[in-house]
There are 4 protein chains.
Amino acid sequence: MAENSEDPTTARTRMITWNDPSLTLEAARRLSGRQMLEAWMAGRLPPPPMARLLDFTLVEVGDGHVVFVGEPGEQHYNPIGSVHGGLAATLLDSAMGCAVHSQLPLGTRYATLELKINYIRAMTRTTGPVRAEASVIHLGGRIATAEGRLTGADGTLYAHGTTTCMLLRD
Amino acid sequence: MAENSEDPTTARTRMITWNDPSLTLEAARRLSGRQMLEAWMAGRLPPPPMARLLDFTLVEVGDGHVVFVGEPGEQHYNPIGSVHGGLAATLLDSAMGCAVHSQLPLGTRYATLELKINYIRAMTRTTGPVRAEASVIHLGGRIATAEGRLTGADGTLYAHGTTTCMLLRD
Amino acid sequence: MAENSEDPTTARTRMITWNDPSLTLEAARRLSGRQMLEAWMAGRLPPPPMARLLDFTLVEVGDGHVVFVGEPGEQHYNPIGSVHGGLAATLLDSAMGCAVHSQLPLGTRYATLELKINYIRAMTRTTGPVRAEASVIHLGGRIATAEGRLTGADGTLYAHGTTTCMLLRD
Amino acid sequence: MAENSEDPTTARTRMITWNDPSLTLEAARRLSGRQMLEAWMAGRLPPPPMARLLDFTLVEVGDGHVVFVGEPGEQHYNPIGSVHGGLAATLLDSAMGCAVHSQLPLGTRYATLELKINYIRAMTRTTGPVRAEASVIHLGGRIATAEGRLTGADGTLYAHGTTTCMLLRD
């Protein structure tokens, strides 16, 4: 128990940069969900701050289907020697929410009601890039559900989940 | 859609510092769950990197009960104008997992099998500090379950959840 | 593998009686949720068919809080030697849904969006009566959540759960 | 509110028959999971009592994949005018649990740790037969997860779910 949180020998630093999300949101209000996601993926809209903070990227947008790539690292560690479960939850929440969003027309928003994650295998700093792939299961008038899987480059399954979203018309 | 992710007028930065988690883990191996959490809370062990990255702090440890405090900010935003659901998931996962951990003797570890979060109200950059409070529901020989709630300073409920953990003996 | 599903030496029978649920529903349309549940508990409305089929009874109705009692028996067995998980799911779904219903005014209905059950201990034919007790966690304008626990006469926890319901105005 | 639970004009009855589950269980102890399910499907073992009580049948067994067919009826009604959510939960719990069971060798048992059901559309007495189809997502040494969907004859989705099971060696 000799470590101190300011011990220079074990301290690492990282500079995080993000953009004012209210400007992005204003631009996004003129776009359908899919257009917004495509603008983000193409760099015409900045990524949301949380994607910068946790280091994940939108790499594929289809109709009711999206893929994010994340890079688990030491900065994501929990106190028990592996990547915090919050990273998989964030990646899958992003992927499943955006899969729903990709099918929403201009003027329809969504809010996530609940999220369920199953953890299959711990990620570590040597896991390498992971892929969070999600698809809509059901898109109704008021409610949508989606499912997602988080896998490594070799197909190893790290986590999977489902979500329920409420749809809201402006 | 004029914003560019490098536009200096909207860019914000933040320096994140953390410690090599493997050193912490080594020290923690000589402690019961509760001793480890108390050492972390007292600053005798550095906080885990994810707590630094997402800005949350362990503030209370009891027998099967812990409290974390987080500070939702702009850096946690999702693309739809509020704090990413991953923050609540991470805070509740931390609190529920550590509530279980607080009851584990030296030589018993845990792994989170699943996490279920209900989102009640969106958090924003003006929400102020939030409190993730969790308690063990059941502690058995192989499996433990816990529940948690995320509330604001005025008691507003933002999210609640449950988790299932597997217990492992070294 | 000598048993045959018609083997008279091991066959047991049970007569199930229920009432046309559409008549009950019509009467219930003139009642608030709580009034309907109280009418059912007092015997002024017949119990729903599923309560007859699986043998459970509403025994307590409060504001956002209800209790059911069930009697796990051999007729509820699964193929692996214990009471089917569907019984705990049905009891907790009933209790959590009715806890929400107890707070709904005349003209507001609800639909269950999702149900999450944790199984803590298997029930058997010798478990005796079990109590499914549920409370509302959050009642909003469009969404409500509730939690429930299933316990034995001696307080043993058999299962616990949460649910999300959507509220609908006529 | 004139109905009485004994009113003969609205009362319906049904005789339920089942077999002593302990005899079945004894026979099943000499079989792998898949052999047991195939024996049940072929009528060489009686169906479990709960399948008789709620009226569902195992119709397909593969490696990590099973299908049940159920027949929602008036006897399954809840107090709010549709089939009780417990029926979908029971069908999906059966299908997902048996999908896991189908991959377990002789001497390995399982216990369901948790069940999560999303309800997409209410079933009624006119829904007709429904199909609960489930597949294993992950089969590890200690834990397995599975997913399932409940659909009508025309493919309409009524519910979907996931489960986590613990594996136990005798």
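The values are calculated or read from the model by the stated rules, or taken from the named source; none is laboratory data. The structure displayed is predicted, hence computed values, not measured ones. We place every Cβ from the backbone using ideal geometry, glycine too, and count neighbours over all the protein chains shown. Only protein heavy atoms, including side chains, enter the accessible area calculation; ligands, DNA and RNA are left aside. Shrake-Rupley method; radii C 1.70, N 1.55, O 1.52, S 1.80 Å.
If you go through the stretch B:70-106 and pick out every residue that is among the polar types (S, T, N, Q) and at the interface with another protein chain (Cβ under 8 Å from one of its Cβ atoms), you end up with 4.
Among the residues of the stretch A:54-68, write down those that are under 11 Å from the mean Cα position of the chain (by Cα) and either surrounded by 18 or more Cβ atoms within 10 Å (Cβ to Cβ) or at the interface with chain B (Cβ under 10 Å from one of its Cβ atoms) (or both). A:LEU54, A:ASP55, A:PHE56, A:LEU58, A:VAL66, A:VAL67, A:PHE68, listed by residue number.
Restricting D:LEU104, D:LEU139, D:LEU150, D:LEU113 to those that are aliphatic (A, V, I, L, M), modelled with pLDDT of 95 or more and closer than 25 Å to A:HIS138 by Cα reduces the list to D:LEU150.
Determine whether the stretch D:4-19 contains at least one residue that is in contact with a helix residue (DSSP H, G or I) (Cβ under 6 Å, 6 or more places away or on another chain), of a type in the set (Val, Ile, Thr) and free of Cβ contacts under 8 Å to residues at least 24 places away in the same chain. Within the stretch D:4-19 (the criterion being in contact with a helix residue (DSSP H, G or I) (Cβ under 6 Å, 6 or more places away or on another chain), of a type in the set (Val, Ile, Thr) and free of Cβ contacts under 8 Å to residues at least 24 places away in the same chain), the answer is yes, since at least one residue qualifies. Of all residues in the stretch B:23-40, those satisfying the criterion of being of a type in the set (S, T, N, Q) and more than 8 Å from chain A (Cβ to nearest Cβ) are B:SER32, B:GLN35.
Condition check: charged (D, E, K, R) and more than 21 Å from B:VAL130 (Cα to Cα). Does B:ARG14 satisfy that? No, not satisfied.
Of the residues C:MET166, C:MET123, the single one that is within 24 Å of B:GLY161 (Cα to Cα) and within 13 Å of chain D (Cβ to nearest Cβ) is C:MET166.
Just wondering, is there one or more residues in the stretch A:129-144 that are part of a strand (DSSP E or B), open to solvent by less than 20 Å² (accessible area, probe 1.4 Å) and either free of Cβ contacts under 8 Å to residues at least 24 places away in the same chain or of a type outside the set (A, V, I, L, M) (or both)? No, the stretch A:129-144 contains no residue that is part of a strand (DSSP E or B), open to solvent by less than 20 Å² (accessible area, probe 1.4 Å) and either free of Cβ contacts under 8 Å to residues at least 24 places away in the same chain or of a type outside the set (A, V, I, L, M) (or both).
Residues satisfying the criterion are absent from the stretch A:149-168 (criterion: touching a residue at least 60 places away in the same chain (Cβ under 8 Å), outside any strand (DSSP E or B) and of a type outside the set (Asp, Glu)). Screening the candidates D:PRO47, D:PRO79 for the property of being free of Cβ contacts under 8 Å to residues at least 40 places away in the same chain, within 23 Å of C:GLY81 (Cβ to Cβ) and surrounded by 17 or more Cβ atoms within 10 Å (Cβ to Cβ) yields one hit, D:PRO47. Against the definition (within 26 Å of C:LEU168 (Cβ to Cβ) and either of a type in the set (Gly, Ala, Ser) or out of contact with any helix residue (DSSP H, G or I) (no Cβ under 7 Å at 6 or more places or on another chain) (or both)), how does A:GLY107 come out, yes or no? When the stated conditions are applied, A:GLY107 passes them. Looking for something modelled with pLDDT of 95 or more and either at positive phi or polar (S, T, N, Q) (or both) - is there at least one such residue anywhere in the stretch C:12-30? Looking through the stretch C:12-30, none of the residues is modelled with pLDDT of 95 or more and either at positive phi or polar (S, T, N, Q) (or both). Counting only residues that are free of Cβ contacts under 8 Å to residues at least 60 places away in the same chain and either over 18 Å from the mean Cα position of the chain (by Cα) or surrounded by fewer than 24 Cβ atoms within 10 Å (Cβ to Cβ) (or both), how many does the stretch C:82-106 have? Adding up the residues that qualify gives 1.
Considering only the stretch D:107-120, I want to know if a residue exists there that is touching a strand residue (DSSP E or B) at 6+ places or on another chain (Cβ under 6 Å), assigned to a loop (DSSP other than H, G, I, E, B), within 11 Å of chain C (Cβ to nearest Cβ) and open to solvent by 10 Å² or more (accessible area, probe 1.4 Å). Among the residues of the stretch D:107-120, at least one is touching a strand residue (DSSP E or B) at 6+ places or on another chain (Cβ under 6 Å), assigned to a loop (DSSP other than H, G, I, E, B), within 11 Å of chain C (Cβ to nearest Cβ) and open to solvent by 10 Å² or more (accessible area, probe 1.4 Å), which makes the answer yes.
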